[in-house]
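Participant: Below are the structure tokens for one structure; questions will follow.
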Amino acid sequence: GAGVSQSPSNKVTEKGKDVELRCDPISGHTALYWYRQRLGQGLEFLIYFQGNSAPDKSGLPSDRFSAERTGESVSTLTIQRTQQEDSAVYLCASSLGSSGSQETQYFGPGTRLLVL
Amino acid sequence: AQSVSQHNHHVILSEAASLELGCNYSYGGTVNLFWYVQYPGQHLQLLLKYFSGDPLVKGIKGFEAEFIKSKFSFNLRKPSVQWSDTAEYFCAVNNAGNNRKLIWGLGTSLAVNP
């Protein structure tokens, strides 16, 4: 079956612009996660959704970052007034959502964001 | 705060050599432990995971890892590597229970020479 998909695969934007990143999870997966990986760094957790609600958004770095999920499916991560330090690969993952923290998270290919 | 440390950032081996990649974590409670791999041009995928039971876990492609609670370690091993094992390897941990947030190490880049 189809895996996690993300769009766009690459995004170049100017500092101060808003960007939207999209994630389509595996069908039937109720849990969805956003991470980012800056150059030379490990993955940083941003937020996770169970269904359409976000029980843990502790990793969002500032109020410029927001995310939503609708229909227990697609999620959008929005970064407002982008800064150069937002340049990173943004990764989305999904999991079944029924087995808690032991679940395997399945990752998409990521969106590479470059802020000039 | 939880953290994960991977000691080897870049490893170069010849085919048939044995591999051990170190992973240590800091957290005093019960944890779940994961190794993920990213092959060139591919997505991150799970190699293996541990959450309870036998501390020696086996994963795909002949990999295994041993959880040593007293050392807060979860080292990844493979007795004989192949050129196709060339990849980036990531160790990750989360709290057992319902906290799904994964904390990640910086990754180890493995290059296997044919």
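The values are calculated or read from the model by the stated rules, or taken from the named source; none is laboratory data. None of these values were measured; they are calculated from a predicted model. Every residue, glycine among them, receives a Cβ derived from its backbone with ideal geometry; neighbour counts consider all protein chains shown.
Participant: If you take the residues of segment B:99-114 that are assigned to a strand (DSSP E or B) and at the interface with chain A (Cβ under 10 Å from one of its Cβ atoms), which of them is nearest to the chain's Cα centre (by Cα)? Show your work before the answer.
Facilitator: Filtering segment B:99-114 for residues assigned to a strand (DSSP E or B) gives B:103-104, B:108-113.
Restricting the remaining residues to those that are at the interface with chain A (Cβ under 10 Å from one of its Cβ atoms) gives B:103-104.
Numbers: B:I103: 13, B:W104: 10 Å.
Checking each candidate, the answer is B:W104.
Participant: When you look at A:S27, is it within 19 Å of B:K101 (Cα to Cα), more than 14 Å from every other protein chain (Cβ to nearest Cβ) and at pLDDT below 95, yes or no? Spell out how you get there, then give the answer.
Facilitator: Numbers: within 19 Å of B:K101 (Cα to Cα): no; more than 14 Å from every other protein chain (Cβ to nearest Cβ): yes; at pLDDT below 95: yes.
Considered against the rule, which asks whether it is within 19 Å of B:K101 (Cα to Cα), more than 14 Å from every other protein chain (Cβ to nearest Cβ) and at pLDDT below 95, A:S27 comes out as no.
Participant: Another question about this same structure. Restricting to segment B:35-65, count the residues that are at pLDDT 95 or above and β-branched (V, I, T).
Facilitator: Of the residues in that region, 2 qualify.
Participant: Is it the case, given these coordinates, that A:L116 is more than 8 Å from chain B (Cβ to nearest Cβ) and out of contact with any Pro (no Cβ under 9 Å at 6 or more places or on another chain)? Quick ask: steps written out before the conclusion?
Facilitator: Values: more than 8 Å from chain B (Cβ to nearest Cβ): yes; out of contact with any Pro (no Cβ under 9 Å at 6 or more places or on another chain): yes.
Judged against the criteria, A:L116 is a match.
Participant: Among the residues of segment B:54-86, count how many are crowded, with 16+ Cβ neighbours inside 10 Å and either of a type in the set (S, T, Y) or away from chain A (no Cβ under 14 Å) (or both).
Facilitator: First pass over segment B:54-86, keeping only residues crowded, with 16+ Cβ neighbours inside 10 Å: B:57, B:59, B:63-67, B:72-76, B:78, B:81, B:85-86.
Next cut, either of a type in the set (S, T, Y) or away from chain A (no Cβ under 14 Å) (or both) only: B:63-66, B:72-76, B:78, B:81, B:85-86.
So the count comes out to 13.
Participant: Yes or no: segment A:51-64 includes at least one residue that is part of a strand (DSSP E or B), surrounded by 17 or more Cβ atoms within 10 Å (Cβ to Cβ) and among the small types (G, A, S).
Facilitator: yes
Participant: What are the residue pairs meeting all of these: first residue in segment A:37-48, first residue closer than 15 Å to B:H9 by Cβ and at the interface with another protein chain (Cβ under 9 Å from one of its Cβ atoms), second residue in a loop (DSSP other than H, G, I, E, B) and not small (G, A, S), Cβ atoms under 9 Å, and 6 or more apart or on different chains?
Facilitator: Pairs found: A:G40/B:L106; A:Q41/B:L106; A:G42/B:Q6; A:G42/B:L106.
Participant: What tally of residues in segment A:57-98 results from selecting those that are over 18 Å from A:V4 (Cβ atoms), within 11 Å of chain B (Cβ to nearest Cβ) and among the small types (G, A, S)?
Facilitator: Here is the first cut: in segment A:57-98, the residues over 18 Å from A:V4 (Cβ atoms) are A:57-66, A:78-87.
After this cut, where a residue has to be within 11 Å of chain B (Cβ to nearest Cβ) as well, the list is A:57-59.
If we keep only those that are among the small types (G, A, S) too, we end up with A:58-59.
Total satisfying the criteria: 2.
Participant: Mind listing whichever residues of segment A:65-88 are under 26 Å from B:A1 (Cβ atoms), surrounded by fewer than 20 Cβ atoms within 10 Å (Cβ to Cβ) and hydrophobic (A, V, I, L, M, F, W, C)?
Facilitator: Scanning segment A:65-88 gives a single hit, A:F65.
Participant: Given the conditions (1) crowded, with 20+ Cβ neighbours inside 10 Å; (2) farther than 17 Å from A:T104 by Cβ; (3) free of Cβ contacts under 8 Å to residues at least 60 places away in the same chain, and given that B:V37 satisfies all but one, which numbered condition is not satisfied?
Facilitator: (2) is the only condition that B:V37 fails.
Participant: Tell me which of these A:G51 doesn't satisfy, since it passes every other one: (1) out of contact with any strand residue (DSSP E or B) (no Cβ under 7 Å at 6 or more places or on another chain); (2) without any contact (Cβ under 8 Å) to a residue 12 or more places away in the chain; (3) not hydrophobic (A, V, I, L, M, F, W, C).
Facilitator: So A:G51 meets the others, but not (2).
Participant: Across segment B:94-114, what is the number of residues that are touching a Pro at 6+ places or on another chain (Cβ under 9 Å) and either small (G, A, S) or within 18 Å of A:R36 (Cα to Cα) (or both)?
Facilitator: 1
Participant: Does B:S5 qualify as being within 14 Å of another protein chain (Cβ to nearest Cβ), modelled with pLDDT of 95 or more, under 27 Å from A:R112 (Cα atoms) and surrounded by fewer than 17 Cβ atoms within 10 Å (Cβ to Cβ)?
Facilitator: On the way: within 14 Å of another protein chain (Cβ to nearest Cβ): yes; modelled with pLDDT of 95 or more: yes; under 27 Å from A:R112 (Cα atoms): yes; surrounded by fewer than 17 Cβ atoms within 10 Å (Cβ to Cβ): yes.
Yes; evaluated as a whole, the condition is true for this residue.
Participant: What number of residues in segment B:82-98 are over 15 Å from the mean Cα position of the chain (by Cα) and part of a loop (DSSP other than H, G, I, E, B)? It would help to see each step written out before you state the result.
Facilitator: Step one: list which residues in segment B:82-98 are over 15 Å from the mean Cα position of the chain (by Cα), which gives B:82-84, B:95-98.
After this cut, where a residue has to be part of a loop (DSSP other than H, G, I, E, B) as well, the list is B:82, B:96-98.
Residues in segment B:82-98 being over 15 Å from the mean Cα position of the chain (by Cα) and part of a loop (DSSP other than H, G, I, E, B): 4 in total.
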